[in-house]
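Okay, so here's the structure we're looking at.
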Amino acid sequence: MTQTPTLQVRIRSITFETDSILGFELVPLPPAQQLPAFTAGAHIDLHLDTAGGPLVRSYSLLNNPAETHRYCIGVHRDPNSRGGSRHMHEALRPGSVLTIGEPRNNFPLDESAPFNVFIAGGIGITPVLGMIERSQALGTPWRLHYAARTRQHAAFLGRLSRYQGCAGTEVLLNFDQEPGSRMLDLERIASELPDGAHLYCCGPLPMLEAYERATAHLPPERVHREYFAAKEAAATAGGFTVTLSRSGKTFDVPAGKSILDCLIDLHVEPPFSCREGVCGTCEVRVLEGVPDHRDLVLTDAERAAGDRMMVCCSGAKSPRLVLDL
Ligand code: FES
């Protein structure tokens, strides 16, 4: 399905974090090998052979980015699972072998920041754990706001407890369904920031939308977020033409299809994974024309530049696009 480099790993351990979240520790095959290095905020694609067919799912790496002997991920069992998280929870066990893609990062840590504020909701804690490890290594002070419905729904609390009492660190837990609790006050968090602080948010869609509203007044280069699922519908209205610069092929994109659908039909498959505009795998350079961006990977500045696009979900505002394919 995807042409990104892949490797094999073995599940060394599976840990119970909450009723719906399992932690997986993945080690290289053969065991003596090292895994490709990664940076804080990176994710890997898992190529899953599920009962319903092959699926690719992306999971954030939550271990220390200085480690090369293992990758650790957390998997939330999604009640609306299309098969990926259900397979991870039910079909896999320690010793199972998995095919994965090499790490990629759409949610990097700005290592020049004087202070980091992390905001995580539920399973959104996973990329933040690696960012905290990296902040510690850099000596950058940080504060974490971690929201979950109740303490029983919050994963990796044991790991966070190791920072208790450490200078320059603060872990603030918010359990909004426990007696006397309230939803995380993102407006207040965004209005009480240390000078020059960078903010990072990962969590469910309503939290991310509230975060974007609360941080709209801040310089965009200090505001970072990662989505797990699409926010808006893919551009499938069609009615434009695509030319592939390398082969010279030209095709019409009809209503109901994405550019990626058409490329697959033509057997010109760029790498792809989520097909929802959140993983960044299908990014293609745009040589001519104006994309209609629908992804959640590119920043506003990158969208405005118009020189690349995610072909799984984005379309065209111009009658024709020329792509570097
Ligand atoms: Fe994930 Fe397009 S395949 S962004």
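The values are calculated or read from the model by the stated rules, or taken from the named source; none is laboratory data. Please read all numbers here as calculations on a predicted model, not as lab measurements. Cβ: placed from backbone, ideal geometry, glycine included. Neighbour counts: every protein chain shown. The area values use the complete protein model at the heavy-atom level, side chains included, leaving out ligands, DNA and RNA. Shrake-Rupley method; radii C 1.70, N 1.55, O 1.52, S 1.80 Å.
Check off (1) assigned to a helix (DSSP H, G or I); (2) more than 16 Å from the ligand (Cβ to nearest atom); (3) β-branched (Val, Ile, Thr) for Thr243 and give me the number that stays unchecked.
(1)
Among what's in region 25-78 and is assigned to a loop (DSSP other than H, G, I, E, B) and among the charged types (D, E, K, R), pick the residue that is modelled with the lowest pLDDT.
The extreme case among them is Asp78.
What's the number of the only condition in (1) touching a residue at least 24 places away in the same chain (Cβ under 8 Å); (2) open to solvent by less than 70 Å² (accessible area, probe 1.4 Å) that Glu232 fails to meet?
(2)
Hey, could you check region 249-274 for residues that are open to solvent by 50 Å² or more (accessible area, probe 1.4 Å) and either polar (S, T, N, Q) or farther than 17 Å from Ala316 by Cα (or both) and say which is farthest from the ligand (Cβ to nearest atom)?
Thr250
Considering Glu212, Glu178, which residue is open to solvent by less than 70 Å² (accessible area, probe 1.4 Å) and part of a helix (DSSP H, G or I)?
Exactly one of Glu212, Glu178 is open to solvent by less than 70 Å² (accessible area, probe 1.4 Å) and part of a helix (DSSP H, G or I), namely Glu212.
Listed here are the residues, each with its yes/no results for (1) out of contact with any His (no Cβ under 9 Å at 6 or more places or on another chain); (2) farther than 20 Å from Ile132 by Cα; (3) free of Cβ contacts under 8 Å to residues at least 40 places away in the same chain; (4) open to solvent by less than 60 Å² (accessible area, probe 1.4 Å).
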residue	(1), (2), (3), (4)
Gly168	yes, no, yes, yes
Leu173	no, no, yes, no
Glu187	yes, yes, yes, no
Ala190	no, no, yes, yes
Leu193	yes, no, no, yes
Ala197	yes, no, no, yes
Tyr200	no, no, no, yes
Gly203	yes, no, no, yes
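Considering only residues that are within 9 Å of the ligand (Cβ to nearest atom), under 15 Å from the mean Cα position of the chain (by Cα) and either within 16 Å of Glu232 (Cβ to Cβ) or among the basic types (Lys, Arg) (or both), which ones fall in region 280-316?
Correct list: Asp295, Leu296, Val297, Met310.
Within region 79-99, track down each residue that is open to solvent by 30 Å² or more (accessible area, probe 1.4 Å), touching a Lys or Arg at 6+ places or on another chain (Cβ under 8 Å) and assigned to a helix (DSSP H, G or I).
Hits for region 79-99 are Arg86, His89.
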